[in-house]
Structure formats: structure tokens, C-alpha cells
Amino acid sequence: MNLLTRNRPTARPWPTRKQPSYRSPLIYLTLLFSLLFFFSYFFSLTPSSLLSNKTSISDSPKCPSLGGGKFLWYAPHSGFSNQLSEFKNAVLMAAILNRTLVVPPVLDHHAVALGSCPKFRVLSANEIRISVWDHIVELIWSGRYVSMADIVDISSLLSSSLVRVIDFRVFISLWCNVNVDFACYNELDRHASLLERLKQCGSLLSGLNGDVKCLYAVNEDCRTTVWTYQSAESATVLAFGSLFTLPYKGSELYIDIHDAPRDQGIKTLIEKIEFLPFAPEILSAGKKFAYDTIKAPFLCAQLRLLDGQFKNHWKATFLKFKQTVDALMQGPLPIHIFVMTDLPKNNWTGSYLGELVRDSRQFKLFFLKERDELIIQTAKRIVDAGHGLKFGTVPKKHDGTGQMEKDCPPGLPDVLLYIEQTVCSCASLGFVGTAGSTIADIIDSMRKFGACSS
């Protein structure tokens with residue numbers, strides 16, 4: 001069958017001329033007034049009747065312009081290692097698409113979970129974006145906000161003309177037209193108007209308001225196949241859901257850009273994001289503990305025992321650890337071991353860790369706690385450094401909605417995990433990581449790239 005001529009009409013030698021019919025001008029006037037009435041009614045509708053109580057474009061300050069730039073934001077999720085992986089993908093995506101990347105905060109561990117891509121049990125892109133937005137507002141409000149750029153040193157990326165970034169707090173100050181410096185407030189009811197404005201702003205930014213010219217919400221996820229950029233090119237903000245990627249049965253989940261670049265600039269960028277060091281304050285603290293507290297060659301053991309699938313693999317995790325320790329018994333004693341684990345110390349009894357603690361003649365164990373002075377002081381230095389806010393300036397002029405005075409200082413970020421990983425990168429006797437743990441992967445990368453010696 002020829003599809004090109006399937007519905008072609010049969011040609012006639014000459015069309016039959018129709019006699020003109022008379023139509024009264026009253027018909028055209030009636031139609032004109034009907035159209036005018038329809039449009040006047042349509043544009044008089046309130047935002048709630050059009051967008052289910054969500055803000056409209058005209059109610060979203062700064063939405064149409066944002067200084068003429070184009071931006072990319074996404075919804076980080078799960079633990080820190082997954083969030084770092086997403087951030088690296090986002091850097092590449094923004095560079096390839098010539099957009100400014102909105103640098104997100106570090107979310108609380110598993111505060112937002114994607115689900116399982118291979119089993120198709122995942123949050124939709126809209127759901128994960130709004131969940132991330134709600135959690136970010138909570139982090140700002142509670143004074144626990146810490147940018148990914150506060151924890152990870154991204155200065156090497158910015159040397160490339162391909163990479164442009166803006167801190168999320170700066171971005172939403174422009175997008176929502178509010179002052180985000182509103183941490184630590186005890187009376188939320190006093191600021192209901194700000195909360196409502198942030199809710200409306202998040203609704204728009206998350207793509208819940210349907211089609212808007214200034215934002216394109218990508219709703220494809222790991223359950224679908226291909227997304228193309230052409231339809232989103234003109235949007236001021238390009239909003240993704242998850243940008244997490246992981247090899248699975250020979251394929252790449254959600255995003256695969258490894259074979260994309262023939263451009264030398266993109267190729268160089270891919271090489272740069274392979275390893276992003278922690279901020280100088282974190283590296284300094286980890287090295288200080290290794291050299292000033294342990295003061296000897298040591299082994300690092302990263303034992304993930306309580307989270308997810310790992311709680312079912314204690315035997316294999318401890319077996320690998322024990323085999324490494326047994327091999328070191330041929331050398332000088334005692335063996336110094338730094339332990340990072342999610343198993344509380346009072347639960348070590350009955351495990352291999354308990355055996356090591358009891359044999360203080362042959363083994364000397366070290367570990368860090370959240371309330372250690374080194375951890376607290378490093379967190380304070382991270383806050384004082386404010387690396388994230390170096391990427392853009394928070395506007396000082398707003399419509400008044402968000403201008404409030406602080407009534408308590410900001411909280412301190414949780415930096416224990418990052419300092420522990422740095423200590424492990426300095427372990428000259430070796431490293432034993434938990435199989436399948438992305439934390440172990442980061443430590444392996446740090447050791448490969450000489451983070452402790454840099």
C-alpha cells in the first residue's frame with residue numbers, strides 16, 4: 001500500500017461552481033460578541049480556578065526573565081553518594097545544553113527516596129521534584145542548609161567556560177522574589193504569607209502547574225525511553241527529576257552520556273568530574289585526625305551494616321575485614337585500625353569489632369563521633385567559608401514578603417561522613433570497604449587520586 005497516496009481524492013475535470021449564498025451581517029456581529037465574551041470570561045478567572053490553587057505565571061515573580069539566562073535544576077535524592085553522582089551528571093547536562101546549573105543543597109540521608117528503577121517502583125518526576133522542594137525549604141527554615149558546593153570543591157570545574165553555576169538559595173531569591181535568609185524561626189504561623197509564597201513557587205518550579213512558557217518540566221524517567229531537548233530549548237528553566245545513573249544488566253539507567261562528546265571541551269569536563277575533592281576544610285580535618293591522633297600507619301575499615309541490603313551481609317562484610325587484619329598480623333603490632341560504621345559502639349559486643357576492642361595488646365582502634373570537637377569545629381568553618389554562596393549574590397531588594405530578622409544563629413551541617421572518608425583516604429596499611437557501598441566507591445576514588453597527599 002502506498003501511504004503517500006492512500007487518501008488522495010479522485011480528480012475531476014472541472015469543479016462545479018457553487019452559487020454564493022447570502023449571510024446576514026447580524027450573524028457575524030453575534031459571533032464577534034460571543035468570542036469577546038468568552039475571552040473576557042476566561043481571563044477573569046482566578047488562578048485557583050485555573051491551576052487548582054497554584055500560582056500562575058503572572059503571580060510568579062521574576063519567572064519570565066531571570067536576567068535573560070537559562071537554567072537547569074534537578075531533584076537530588078537518597079544518600080550523599082547518590083546525590084554526588086547526580087550532581088556530576090547535572091554538570092555535564094548543563095554544559096552540553098548551555099545552561100546555568102542550579103547547585104542544590106545536600107539533602108538529609110534518604111529524606112527523599114526515588115525507589116527502584118529496575119522494578120519500576122519509582123516516584124514520578126513531579127512527585128520527586130515537589131518532595132525535594134519541600135525538604136529544601138525545611139532545611140533552610142531549620143538552619144541546616146548546606147550546599148553541595150560547601151562540601152565538594154567545584155573550583156576546578158569553573159575554570160571551564162562550559163560550566164556556569166548558581167546557588168539554589170540565590171536562584172529561588174530571584175525566582176520567588178523572597179529573602180531566603182530566614183533560618184531558625186520558632187513561630188511559623190507569623191510567616192504564613194512567606195510559606196504560602198514558597199509553596200506556590202515550588203509548585204510552579206516542580207512542574208505541577210502544567211505548561212508554562214518559562215519552565216519545561218521533564219517528566220520522563222527510568223520507566224520511559226528517550227527524551228529530546230528540542231521542545232524545551234526556549235524555556236528559561238529546564239527542570240529534571242532524578243539524574244541518577246547506574247549500570248544495570250548491560251544498560252545504563254536513565255541517563256547515558258558517556259559516548260556523547262566528540263567535543264574536546266566536554267571530554268575534558270568528563271575527566272574533571274571523575275573525581276571532585278571535598279572542600280579544603282574537610283580535607284584538612286581528616287588529615288589532622290590521621291596524622292595527629294592516629295600517628296601511625298593504619299588500616300581503614302568501612303563497615304556498612306544496618307542500611308538496606310547491607311544488614312543481610314554481615315558475615316561476608318566481617319569475613320573480608322578479618323582476612324585483611326589476619327594478613328597484617330605478620331607485621332608490627334599493635335595494628336592501628338580506623339573504623340567507620342553505622343553500627344553503634346554499644347552494639348559491637350558479639351561481633352568481630354568486639355573481639356578487636358577486647359584485644360588491646362594487638363589492636364588499637366580509632367573512630368570519630370558527631371560530637372567530637374574536630375567535627376564541630378570543621379562544621380563551623382564550613383559555615384563561615386560559605387563556598388556555595390560565592391556563586392551568585394542574594395538580592396537585597398524584595399517585595400517585603402520574605403524580609404524578616406534572625407532570632408537565632410544557623411545550625412551546623414553534619415560533616416562526620418566526609419571527614420571519615422578523608423581519614424580512610426590516608427590509610428597507608430590499606431582499605432577494606434563494604435561490597436556494593438557507594439561510600440566505599442568514593443573512598444577508593446579518593447585513594448586513587450591521592451586526596452590525602454594533595
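Can you give the FRET efficiency for ASP359 and LEU306, using 1/(1 + (r/R0)^6), R0 = 25 Å, r = Cβ-Cβ distance, to the nearest 0.05? Working from the Cβ atoms, E equals 0.55.
Note the full-extension length gain between LYS390 and SER428 as 0.36 nm times their separation in residues minus their Cα-Cα distance, in nm to one decimal. Write out the running numbers ahead of the final one.
Values: separation 38, 0.36 × 38 = 13.68 nm, distance 3.54 nm.
Full-extension gain reported as 10.1 nm.
Between ARG381 and ASP342, take the C-beta separation as r, use R0 = 30 Å, and let me know the FRET efficiency to the nearest 0.05.
Values: r = 25 Å, r/R0 = 0.84.
In this case the efficiency is close to 0.75.
The modelled label-to-label distance between LYS322 and GLU271, using points 7 Å beyond Cα along the C-beta direction, is 4.5 nm.
Quick one: of LYS88/LYS311; LYS288/LYS311; LYS70/LYS390; LYS70/LYS448; LYS315/LYS345; LYS315/LYS364, which pairs are farther than 27 Å apart, Cα to Cα? Walk me through the intermediate numbers first.
Details: LYS88/LYS311 29 Å; LYS288/LYS311 32 Å; LYS70/LYS390 19 Å; LYS70/LYS448 36 Å; LYS315/LYS345 18 Å; LYS315/LYS364 22 Å.
Over 27 Å apart, Cα to Cα: LYS88/LYS311; LYS288/LYS311; LYS70/LYS448.
Relative to the current alpha-carbon distance between TYR291 and SER193, full extension at 0.36 nm per residue lengthens the span by 30.1 nm. Taking label points 7 Å from Cα along the Cα-to-Cβ direction, LEU158 and SER445 give a separation of 2.0 nm. Between SER454 and SER81, the simple spin-label model (points 7 angstrom out along Cα→Cβ) gives 1.9 nm. Full extension of the segment from LYS315 to ALA435, taken as 0.36 nm per residue of separation minus the current Cα-Cα distance, would add 42.0 nm.
Each value in this text was obtained by applying a stated rule to the coordinates, not by laboratory testing. Everything numeric here is computed off the predicted structure, so don't read it as measured data. Because the Cβ atoms are built from the backbone with ideal geometry, glycine has one as well, and the counts that use them run over all protein chains shown.
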